[in-house]
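Asks: Below you'll find the structure I mean.
The values are calculated or read from the model by the stated rules, or taken from the named source; none is laboratory data. Since this is a predicted model, take the numbers as computed values, not measurements. With ideal geometry, Cβ positions are generated from the backbone for all residues, glycine too; neighbour counts draw on all protein chains shown. Calculation scope for accessible area: heavy atoms of the full protein, side chains included, ligands and nucleic acids excluded. Shrake-Rupley method; radii C 1.70, N 1.55, O 1.52, S 1.80 Å.
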Amino acid sequence: VINTYGMQEIVSKEEELSSNVYIISKDGTDILSTTETGVRGRGNASWLYFPKKPYRLKFKSKQSPLDAPASAKKWTLISNYSDKSLMRNILAFEASRRIGQAYTPYCHPVDVVLNGEYKGCYQLCDQIEVNENRVNITEMEPEDLALPALSGGYLIEIDAYAKNETSYFISNSDIPVTIKSPDDEDITPTQSAYIKEFFNAMEAAVFAYNYADEENGYRKYLDLDSFLKHFIVGELSGNTDTYWSVYMYKDRNSDKLYTGPVWDFDLAFENDQRTYPINSLDDYIYATLGSVASSSVRELVNVIVKDDEASRIRLAELWNTARTEKGI
């Protein structure tokens with residue numbers, strides 16, 4: 001239940017409205033009551049074009065609503081307007097957990113009442129951010145300007161909408177990347193330059209002649225298992241947008257980028273006329289009709305999952321384990 005101050009309508013993704021927020025669960029026996037909670041819009045196409053708007057909550061103090069693993073101020077309310085089953089994200093997140101990704105976002109279905117009006121069934125989800133029980137990497141400070149502190153942690157997103165963000169870069173191969181952490185207001189030019197340079201080094205290694213070299217190829221910069229597990233969840237679910245948006249992170253004193261967490265499956269599981277029916281495609285969904293942040297993203301994935309023989313073998317091993325041991 002969200003009551004904004006003065007019953008103001010939520011019309012902005014930037015301006016938070018101070019609100020009283022109540023989360024009522026366990027047949028009404030458990031009530032989380034908060035005041036001065038900031039509520040604003042979130043999302044891209046879902047915010048601009050859909051009548052059922054997504055929102056972000058920012059509590060005044062850290063909370064663990066509905067027994068969520070993380071204690072945090074920021075939480076999301078995902079509208080799932082495109083997914084009439086309201087289950088696709090939940091199902092894909094479960095696949096991510098079973099396949100063993102280091103972190104899968106928490107989510108729980110909730111009914112939302114905004115200023116006395118029922119808005120529908122949403123998903124209360126983690127905000128993707130650096131947190132002990134979210135993306136568990138070192139949180140950087142503005143004074144972390146020299147190695148080893150400069151080496152991390154960073155949370156980034158290959159993001160088709162990167163140019164709409166404050167903190168972003170375009171890689172040498174024209175891949176748009178948003179820097180999610182450190183935050184826009186905290187990141188320094190030195191830190192931004194470091195993660196851009198590291199991403200470019202990874203990208204260059206993928207496109208180099210010796211890309212498959214175990215020591216000097218792209219594995220030097222990219223954790224292969226997390227990339228392939230992320231790939232499996234996207235392809236298994238038939239997600240049109242797997243490579244429209246890809247989260248990645250690098251921890252301090254780590255020499256690799258890790259892929260994850262998974263996110264955004266409202267168009268998966270046969271829910272997009274552009275890719276339906278998925279089983280009629282003669283190749284992976286990303287390689288045929290899937291959306292990509294840039295053509296270079298598709299080429300990068302091609303090298304890893306198609307051209308690299310050792311990676312193809314590892315992909316088959318991970319998929320076999322997921323099917324026979326993980327219940328996917």
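Asks: Could you order 75, 47 by accessible surface area, starting with the largest, using a probe radius of 1.4 Å?
Replies: Ranked list, largest accessible area first: 47, 75.
Asks: Something else now. Could you work out the local net charge near residue 146, counting Lys and Arg as +1, Asp and Glu as -1, over the other residues with Cβ closer than 15 Å to its Cβ? All intermediate terms of the calculation are to be shown ahead of the outcome.
Replies: Numbers: positive: 252; negative: 141, 143, 144, 197.
So the surrounding residues net to -3.
Asks: Measure nothing but the geometry: give the 0 to 90° angle between the long axis through the Cα atoms of 309-324 and the longest principal axis through the Cα atoms of the chain, rounded to 10°.
Replies: The two axes meet at around 40 degrees.
Asks: Oh, and also: Sequence-distant or interchain residues sharing an amide H contact under 5 Å with residue 106, placed H: which?
Replies: 126
Asks: Using θ = phi - 60° and the Karplus relation 6.51 cos²θ - 1.76 cosθ + 1.60, list the HN-Hα couplings for segment 27-36 in order, rounded to whole Hz, with x at every Gly or Pro.
Replies: Running phi through 6.51 cos²θ - 1.76 cosθ + 1.60 with θ = phi - 60° gives 6, x, 8, 10, 10, 9, 10, 10, 10, 6 Hz.
Asks: Sort out the exposed loop GluC sites (Glu not before Pro) in the chain (DSSP loop, at most 12 other Cβ within 10 Å) and tell me the longest stretch that has none.
Replies: Details: sites that count: 9, 14, 15, 132, 143, 185, 214, 215, 325.
Answer from the scan: 16-131.
Asks: Count the net charge of all other residues whose Cβ sits under 9 Å from the Cβ of residue 271, scoring Lys and Arg as +1 and Asp and Glu as -1.
Replies: Net charge in that neighbourhood comes out at -2.
Asks: Once ligands and nucleic acids are excluded and a 1.4 Å probe is used, how much of residue 24 is accessible, expressed in Å² to the nearest 10?
Replies: Only protein atoms counted, so the area is about 100 Å².
Asks: Of 145, 86, which has the most accessible area and how do the rest follow, probe 1.4 Å?
Replies: Ranked list, largest accessible area first: 145, 86.
Asks: Let me ask you something else. Roughly how many Å² is the accessible area per residue of segment 169-328, as a whole number, for a 1.4 Å probe?
Replies: 45
Asks: Return the long-range amide H neighbours of residue 129 (sequence gap of 5 or more, or a different chain), with a cut-off of under 5 Å between placed amide H atoms.
Replies: Close amide H contacts, sequence-distant or interchain: 135.
Asks: Same structure again: Using Cα positions and a limit of under 16 Å, work out the lysines in reach of residue 306, with same-chain residues fewer than 8 apart set aside.
Replies: 229
Asks: Sorted by accessible area with a 1.4 angstrom probe, largest first, how do 130, 113 fall?
Replies: 113, 130
Asks: Enumerate by residue number the chymotrypsin sites (Phe, Trp or Tyr not before Pro) in segment 180-221 meeting two conditions: DSSP loop (anything except H, G, I, E, B), and at most 11 other Cβ atoms within 10 Å of the site's Cβ. Please report the intermediate quantities before stating the final value.
Replies: Numbers: sites: 194, 198, 199, 207, 209, 211, 218, 221; in loops: 207, 209, 211, 221.
In loop regions of segment 180-221 (DSSP not H, G, I, E or B), the sparsely surrounded chymotrypsin sites (Phe, Trp or Tyr not before Pro) are 209.
Asks: I'd like the carbon and sulfur percentage of the solvent accessible area for the chain, probe radius 1.4 Å, heavy atoms only, ligands and nucleic acids excluded. It would help to have the intermediate numbers written out before the result.
Replies: Numbers: 7280 of 15550 Å².
Of the solvent-accessible surface of the chain, carbon and sulfur hold 47 percent.
Asks: Once the whole set of protein chains is in place, how much accessible area is left on residue 272, using a 1.4 Å probe, in Å² to the nearest 10?
Replies: Residue 272 exposes around 10 Å² with every protein chain in place.
Asks: Every cysteine in the chain with no other Cys Cβ under 4.7 Å from its Cβ, please list them in numeric order.
Replies: Cysteines lacking a close Cβ partner in the chain: 121.
Asks: How far is the Cα center of segment 67-104 from the Cα center of segment 224-270, in Å?
Replies: That distance is 13 Å.
Asks: Starting at the first residue of segment 152-163, write each ³J(HN,Hα) from the Karplus equation 6.51 cos²θ - 1.76 cosθ + 1.60 with θ = phi - 60°, in whole Hz, x for Gly and Pro.
Replies: x, x, 10, 10, 10, 9, 5, 9, 4, 9, 4, 5
Asks: Can you list residues whose amide H is under 5 Å from residue 269's amide H, if they're 5+ apart or on another chain and H is modeled 1.01 Å from N?
Replies: Answer set, sorted by chain and number: 238, 239.
Asks: Could I ask something else about it? Through the Karplus equation 6.51 cos²θ - 1.76 cosθ + 1.60, θ set to phi - 60°, convert the phi angles of segment 264-274 into ³J(HN,Hα) values in whole Hz; use x for Gly and Pro.
Replies: In residue order, the calculated couplings are 6, 10, 5, 9, 7, 6, 6, 10, 9, 5, 5 Hz.
Asks: Counting only the heavy atoms of the protein chains, how much of residue 67 is accessible to a 1.4 Å probe, in Å² to the nearest 10?
Replies: Ignoring ligands and nucleic acids, residue 67 comes out at about 120 Å².
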